[in-house]
Amino acid sequence: MRRREFITLLGGAAATWPMAARAQQPAMPVVGYLRATDFFASYAAAFQQGLKEMGYVEGQNVAIEYRFAKGQYGRLPELAADLVRRQAAVIHATDNAAALAAKSTTNSTPIVFAIGGDPVAMGLVGSLNRPGRNVTGVSFLSTDVAGKMLEVLHEVVPNATDIAALVNPANPQAEVYTGEVQEAARVLGLRLHILSARTPDDINTAFVTLIQRRAGALILQGDPFLNSRFKQLVVLMARHAIPTISNGRNFPDAGGLMSYGTRLEDAHRIAGVYAGRILKGEKPADLPVQQSTKFFLVVNLNTAKAIGLTIPEAFLLRADEVIE
């Protein structure tokens, strides 16, 4: 073989080496992200932060496939199945309905949830310390705190004897939540009106009913759909001057009166850490369910003034944050 021909052949082969090496590199692991409503930036950012703490950065060494049911909870099993077909290494279920849909879809793909409620009672895990099989995650106790939310609301509007509770009946925890808030109302001697909303139009109708029944205040169920409609709820609350409380910290930020609950972003960050640990080889069955136990009271004083509500100074001093 002539020298020039040899060099040409060698150069051609060398040009293919990088391509061959890239072809042999393993594809990035896929993390599924399943949510009952739309994209919620702060929760997604918190989950990504948890992954980052474990060394995984979206687009660099991990891919995240997002699936949103946009309030149509019945679509969740189909979306979960799609993530399984996509061969997701782990699925992050961001709410109650998503977690139940994912669990019913697969008993092998690891699932990390961030839910409000008791995961044992919901049938997601066998126990908190020993979850079993392929499911674990974080619970932020949104249902357990329902009674305390009503107490806090009653302190602010003590003369309101009729209180409304807005519940999404599609939420798997709706019945549990309703029972807890009804018991709290009974203890406080309040008349409670349970109103339902699955769609934006239902929310408008609920406020018409609320006014007709002369309810003096409103408590919102911790629900992904209702949380996604905070702007609509704030407009209606302001229009009718109805003191309203949610468990979501984003509610007073959006102009709502106040919130009482855990920092939901913390739960999603921990879920991201768990997802990263699973990507590194740990099993969900060996990761105990974590619980958010610290609660925060946030009051929007500007909103209180706008709806003509005077909040006692002693109450404001107890708040973890006052927006003014």
Worksheet item: Would you call L150 aliphatic (A, V, I, L, M) and not assigned by TED's automatic domain parsing to the domain that holds T310?
Response: no
Looking across region 31-67 at residues that are under 12 Å from the mean Cα position of the chain (by Cα) and in a strand (DSSP E or B), the single one that is nearest to N250 (Cα to Cα) is R35
Per the filter on region 289-324, residues aromatic (F, W, Y) and assigned to a loop (DSSP other than H, G, I, E, B) are F295
Within region 46-66, residues within 21 Å of D223 (Cβ to Cβ) and either free of Cβ contacts under 8 Å to residues at least 24 places away in the same chain or surrounded by 20 or more Cβ atoms within 10 Å (Cβ to Cβ) (or both) come out as A46, F47
If we take region 128-242, then helices (runs of 4 or more DSSP H) inside it with 2 or more residues that are small (G, A, S) and farther than 23 Å from D320 by Cβ are 174-188
Taking first residues from region 76-104 that are touching a residue at least 60 places away in the same chain (Cβ under 8 Å) and second residues anywhere that are among the hydroxyl-bearing types (S, T, Y) and assigned to a helix (DSSP H, G or I), the pairs with Cβ under 7 Å that are 6 or more apart or on different chains are T94/Y43; A97/Y73
Scanning region 243-265 for residues that are at pLDDT below 90 and in a helix (DSSP H, G or I), the one nearest to F207 (Cα to Cα) turns out to be N250
A174 vs (1) hydrophobic (A, V, I, L, M, F, W, C); (2) in contact with a strand residue (DSSP E or B) (Cβ under 6 Å, 6 or more places away or on another chain); (3) modelled with pLDDT of 95 or more: all pass except (3)
One residue is enough: does region 115-133 have a residue meeting the conditions modelled with pLDDT of 95 or more, surrounded by 23 or more Cβ atoms within 10 Å (Cβ to Cβ), in contact with a Leu (Cβ under 8 Å, 6 or more places away or on another chain) and within 20 Å of L279 (Cβ to Cβ)? no
Going through region 69-105 in order, the residues found to be among the polar types (S, T, N, Q), within 20 Å of N168 (Cβ to Cβ) and in contact with a strand residue (DSSP E or B) (Cβ under 7 Å, 6 or more places away or on another chain) are T94, N96
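Residues checked against (1) of a type outside the set (A, V, I, L, M, F, W, C); (2) farther than 19 Å from A46 by Cβ; (3) not assigned by TED's automatic domain parsing to the domain that holds V135:
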| residue | (1), (2), (3) |
| --- | --- |
| V62 | no, no, no |
| V90 | no, no, no |
| T94 | yes, no, no |
| L100 | no, yes, no |
| G116 | yes, no, no |
Selection from region 87-127 of residues among the small types (G, A, S) and assigned to a loop (DSSP other than H, G, I, E, B) yields A88, A89, S108, G116, G117, A121, G123, G126, S127
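The values are calculated or read from the model by the stated rules, or taken from the named source; none is laboratory data. Keep in mind that what you see is a predicted model, and the values were worked out from it rather than measured. All Cβ positions, glycine included, derive from the backbone under ideal geometry; neighbour counts span all protein chains shown.
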